[in-house]
Each structure stands twice: as C-alpha cells, then as structure tokens.
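Visitor: Structure in structure tokens, see below.
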C-alpha cells in the first residue's frame, strides 16, 4: 500500500521532534529507552524516520519525557489543561 501524499514529511517532522525532545532532556537513546519503556533500537529508528510509531508508542515516549502528545506535535497551548466539558441537559429537564 502506498503512503498518502505528504506522509513522509510528517514522519520526518515527528522524527526530528522526538530527537529534539530527548536532547532537551539531555538523554542518550539508551537512557530514553529506560525512561519510556521503548527499546532503544526502536527509538533510534523512530528518530531516524525509518519506522512509523503507533499512538501507544508515542504516548509512552512523551509520558516518559514528562510532556504531552500536543507538545510533540507543536500544538499551541499544549501545556494548558484540557478544557472542562459541560454536560448537555436532557430535553425538558433542568
């Protein structure tokens, strides 16, 4: 199956960001593996952009680095707490 157009660029951007997050914490790939529970060879391939991470793997990495998926993807306000959701009132009730 062929990759969607632009997917290689996204994978490369995620790879760079994963490496940047690790380096910002002054971790080697081996130390990052210990902190995240992800094998260092897998982290190495993710940072090289040669492997596609699962959501679970990305979550484990950012949790091990003490950050969020939003920060990984560079979303504005990623450090802000999630918004509180209000329940909709049932029709006819208060």
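Values quoted throughout were computed directly from the atomic coordinates according to the rules given, and no laboratory measurement underlies them. Note that this is a predicted model, so its numbers are computed, not measured. FYI the Cβ positions are ideal-geometry reconstructions off the backbone, even for glycines, and counts take in every protein chain you see.
Visitor: Filter region 1-26 down to the residues that are in contact (Cβ under 8 Å) with a residue 24 or more places away in the chain and part of a loop (DSSP other than H, G, I, E, B) and list them by number.
Guide: Correct list: 25 only.
Visitor: If a residue has to be within 14 Å of the chain's Cα centre (by Cα) and in contact (Cβ under 8 Å) with a residue 12 or more places away in the chain to count, how many in region 38-54 make the cut?
Guide: Count: 7.
Visitor: Please count how many residues of region 1-29 are touching a helix residue (DSSP H, G or I) at 6+ places or on another chain (Cβ under 9 Å), more than 17 Å from residue 73 (Cβ to Cβ) and surrounded by 11 or more Cβ atoms within 10 Å (Cβ to Cβ).
Guide: 4
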